[in-house]
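First the structure, in the form of structure tokens, and then the observations on it.
None of the figures in this text is laboratory data; all of them are computed from the coordinates on show. It should be emphasised that the depicted structure is a prediction, and the values quoted were computed from it without experimental measurement. Here Cβ is always computed from backbone atoms with ideal geometry, including for glycine, and neighbour counts include all displayed protein chains.
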Amino acid sequence: MAGREHWRSRTGFVIATIGSAVGLGNIWRFSYVAGENGGGAFLLVYALAVALIALPLVVAELALGRRGGGDTVTAFEAASPKSPLRHAGWIGACGAVLILSYYAVVAGWALKYFSGAALGGLWSAAFSGYGAYFEQFIANRGEPLAWQMAMLLMSMLVVSAGVRGGIERLNLWLMPLLAVIVLALAAFALSLPGSTAGMRFLFEPDWAMLARPSLYVAALGQAFFSVGVGMAIYITYGSYLPGTFRIPVSALTIVAGDTLFAIAAGLAIFPAVFAMGADPAAGPKLAFVTLPQLFLAMPAGTVVGSIFFFLLVAAALTSMISLLEVPVALVMQRLRWSRPAAVAAVGTLIFAIGLPSALSYGVLTSVRLAGMPVLDAIDHATSGLLLPLAGIAAAFAAGWAWHRRTALEAANLADTRLGTAWRWLLRYGVPATIAVILLRAAGLA
Ligand code: TRP
């Protein structure tokens, strides 16, 4: 077999990884989870979760991937050949497939809104209200499937062009554009009269919220989802890292970039929500029901709205390709398939698995899993359970299965205090925190 693919440049790697991290999680999910959990207080706990749990895990995953030199299953087998932990790579692989299956559906909604915003159909639908518009769209039998498929096909195209020619290249021009767009949208929202209430909502902690256990579960779940830890992205992307790249600085840049992007998206959304007197805690519908209404009421709103939905689509696409690369790398390595064949097979499988999610508000509306529509249930099960579990597995593999020296050298942290702190967090801090929160979420502690 030809040698493993590698990133062309360090910048390319960092930007592609930020592209993976920045996605629907930063715009659609962050804004409604922060809205539901009281804004500023949530942001504080979220920042701690990112710094103390997600960041050490990113370093661990990148190191596991680079040293394992292969897909995520191989990486866990290499780190702990004898313990049951060697099977843990499958959690990440299955998780990536499951997340991508419903992520493609929501990304499809964004694509539908973008095309409607750009072509005008979205704006002329305003008379019935966007609540009804959205309900009607997601209840439709065929339409959501078509948009879901379109998003998947685009990701498949990029991933089949390979690590350098596809993933790295697309991100290198798309991500800087997205950064400019989100900053421009934030500046615009902040210029609206009455926008300061949104700033206050996002930054002023409501301390009483800190007494609610659900805030911690939500903050940790959001940190996992937004940074994208626990689903073997970093393991897979790490396996394309040359030995000469130093991991800690890259990890810090990635995590900081993701957090800043979420805050900028919050600054684009909440000031507008408050300026227009809308409800910041509208839940998952915030982006699809509340925002279009706001755009219509704003000066130049149809232009701003088109740009916003472009941002949503592009951010989703760069995340979808990272999620797709995980199972594709696995199939290529394990079954020795060519990249295009692996992409075709995995993409088709993911489309099929996503069908119940795509139909979960329409034909399958009466089907409930744990009292939720299919799409919501899979979202909860993956981000609330699979991601944290896979996170514990990565912490154990790098913190316990590896010897001290191996771990510190693999992460470029040998002979540093930071290395000692990192290893301590992986061995104790990270697993303990995740375990407590998992038990809490299950109502057991
Ligand atoms: N982080 C992305 C977002 O914010 C989604 C994503 C990409 C992801 N890769 C992941 C989520 C891996 C969990 C695990 O939208």
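Taking the chain as a Gaussian network of alpha-carbon nodes connected by springs under 10 Å, the highest mean-square fluctuation of the residues Gly121, Gly25, Gly362 belongs to Gly121. Sorting the segments 49-61, 192-204 by their residues' average number of neighbouring beta-carbon atoms within 10 angstrom, most packed first, yields 49-61, 192-204.
Taking the charge dipole of the chain about its Cα centre, with +1 at Lys and Arg Cβ atoms and -1 at Asp and Glu Cβ atoms, the residue from Gly384, Ser80, Thr348 reaching farthest to the positive side is Ser80.
At 0.36 nm per residue, and after removing the present C-alpha to C-alpha distance, how many nm does the segment from Leu48 to Ser124 gain when stretched out fully? Additional length available on full extension: 23.0 nm. What residues qualify as long-range amide H neighbours of Ser9, i.e. H under 5 Å apart, gap of 5 or more or another chain, H built at 1.01 Å from N? It is none; the list stays empty.
How far is helix 10-21 tilted, in degrees, relative to the longest principal axis of the Cα atoms in the chain, given as a value from 0 to 90 rounded to the nearest 10? Between helix and principal axis, roughly 50 degrees.
Give me the extension gain from Thr365 to Arg10: residue separation times 0.36 nm, minus the current Cα-Cα distance, reported in nm with one decimal. Could you put the intermediate results ahead of the total?
Details: separation 355, 0.36 × 355 = 127.80 nm, distance 4.61 nm.
Working it through step by step, the gained length comes to 123.2 nm.
State the volume of the convex hull built on the alpha-carbon positions of the chain, expressed per residue in Å³ and rounded to an integer.
Details: hull volume 59.9 nm³, N = 445.
Taking only Cα atoms, the chain has a hull volume of 135 Å³ per residue.
When peptides 400-410, 381-391 are ranked by their average number of other Cβ atoms within 10 Å per residue, the highest-first order is 381-391, 400-410. Between segment 105-127 and segment 267-281, the alpha-carbon centres lie 20 Å apart. Ala146 label point, 7 Å along Cα→Cβ, cut-off 20 Å on backbone N: hits in segment 92-123? Answer for this model: 104-123. Residue by residue, segment 199-214 carries 3J(HN,Hα) couplings of 4, 5, 4, 6, 10, 8, x, 9, 4, 4, 4, 5, 7, 8, x, 4 Hz when phi is fed to the Karplus relation 6.51 cos²θ - 1.76 cosθ + 1.60 (θ = phi - 60°); x denotes Gly or Pro.
Computed from backbone phi with θ = phi - 60° and the Karplus coefficients 6.51, -1.76 and 1.60, the 3J(HN,Hα) list for segment 378-383 is 5, 4, 5, 5, 6, 6 Hz; x is used for glycine and proline.
Given labels modelled 7 Å from the Cα in the Cβ direction, how far is it in nm from Val249 to Arg200? For the pair Val249/Arg200, the computed spacing is 4.3 nm. Per residue, the convex hull spanned by the Cα atoms of segment 65-141 measures out at 125 cubic angstrom. Distance from the C-alpha centroid of segment 216-251 to that of segment 403-433: 15 Å, rounded to the whole angstrom. This model, with +1 at the C-beta of Lys and Arg and -1 at the C-beta of Asp and Glu, gives the chain a dipole about its Cα centre of some 1140 debye. 3J(HN,Hα) along segment 396-409: 5, 4, 7, x, 10, 5, 7, 5, 3, 4, 4, 4, 5, 6 Hz, from the Karplus curve 6.51 cos²θ - 1.76 cosθ + 1.60 with θ = phi - 60°, whole Hz, x for Gly and Pro. Evaluated on segment 332-445, the Kirkwood hydrodynamic radius is 17.5 Å, with distances taken between all distinct Cα atoms. Counting only Cβ charges, +1 for Lys and Arg and -1 for Asp and Glu, the dipole size of segment 1-83 around its Cα centre is about 280 debye. Annotation: peptides 75-83, 259-267, ranked by per-residue average of other Cβ atoms within 10 Å with the highest first, follow the order 259-267, 75-83.
Compared with the alpha-carbon gap, the fully stretched path from Arg404 to Leu335 is longer by 21.5 nm at 0.36 nm per residue.
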